[in-house]
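Data first, discussion second: the structure below is written as structure tokens.
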Amino acid sequence: MSALRELWERLKGKGPAAVVALTLDLSEARDNKPFSLEAGGLIVEYCTGDLYCRVNGPNGDGINLRYVHRINAPFSSLFLTNSAQAGLTARLLLLPTGMDADCPVVAQSPSRTSLPVKPEREDLTSLGSVASPNAAGVQIIAGTAGQKIKVYDAGYEALADGEHYFYFGTDTTPTSTRFCVCKTKGVVRASFVQPRISGGGDSLYVYSSVAETNMPYDVGYVKE
């Protein structure tokens, strides 16, 4: 745990989403599934099964992230392959461009209460579901008078090209308090050293500029 704290101390000051955390369910088989995520390097927080990674293209020998825990070079895309492995998971930390992966790493059990960005916080609520936004926001967490929503971890899978993001507000019209913005289909994930915080009583919405049906998302948050 102390090694992870040291890692995240080094990442502070490099923007609210300095690291993109990609959590994978290895019970879902993948065959060179592409992830268009530019990064300066990769750290494997944990990988409990066999997961093969190729960078910047789908060809060549894959790197088994079960045994190789760092990629010390920048890349613009990942291609991931794994067989269906029931009950096994992986979590990858994608570092910002300009930062290498020569950092301390320790294995972590894959649970919301052990998020590296806030390891001492054990009261996060984990919300995972699907939404069908269509040129408007869909409320996923209702606001409570006198309380703020603090998001420490969030992600979704955009199923079609178009603008997607989370935002805080009071209705289905998007506001400027947006995060996890993406304009192409694919998986988007982020963990925040400093949480995204709503205004008092505001709700959390997920938005898509195009019609989405059963778009999966998940959020780790507290209200206080």
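Scanning the range 54-79 for residues that are part of a strand (DSSP E or B) and touching a Phe, Trp or Tyr at 6+ places or on another chain (Cβ under 7 Å) returns Arg54, Val55, Ile63, Asn64, Leu78.
Restricting to the range 20-33, name every residue that is under 16 Å from Ser76 (Cβ atoms) and modelled with pLDDT of 90 or more. Matches in the range 20-33: Asn32, Lys33. Restricting Gly49, Gly62 to residues that are surrounded by 17 or more Cβ atoms within 10 Å (Cβ to Cβ), in contact (Cβ under 8 Å) with a residue 40 or more places away in the chain and either touching a Leu at 6+ places or on another chain (Cβ under 7 Å) or on the phi < 0 side of the Ramachandran plot (or both) narrows the list to Gly49.
The residues of the range 198-224 that are assigned to a loop (DSSP other than H, G, I, E, B) and over 16 Å from Ser129 (Cβ atoms), listed by number, are Ser198, Gly199, Gly200, Gly201, Asp202, Ser209, Val210, Ala211, Glu224. Tell me the residue from Ala136, Ala158, Ala154 that is modelled with pLDDT of 90 or more and either in the same structural domain as Ala190 (by TED's automatic domain parsing) or touching a helix residue (DSSP H, G or I) at 6+ places or on another chain (Cβ under 6 Å) (or both), please. The conditions single out Ala136.
Each row is one residue, and each column tells you yes or no for (1) out of contact with any Phe, Trp or Tyr (no Cβ under 7 Å at 6 or more places or on another chain); (2) among the charged types (D, E, K, R); (3) in a strand (DSSP E or B).
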| residue | (1), (2), (3) |
| --- | --- |
| Gly143 | yes, no, no |
| Lys150 | no, yes, yes |
| Asp161 | yes, yes, no |
| Tyr167 | no, no, yes |
| Val181 | no, no, yes |
| Val187 | no, no, yes |
| Arg196 | no, yes, yes |
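Among the candidates Ser176, Ser126, Ser203, Ser132, the residue that is among the polar types (S, T, N, Q) and under 17 Å from the mean Cα position of the chain (by Cα) is uniquely Ser126.
The values are calculated or read from the model by the stated rules, or taken from the named source; none is laboratory data. If you're wondering where the values come from, they're calculated on a predicted model, not measured in any experiment. As a convention, Cβ positions derive from the backbone with ideal geometry for all residues, glycine included, and neighbour counts pool all protein chains shown.
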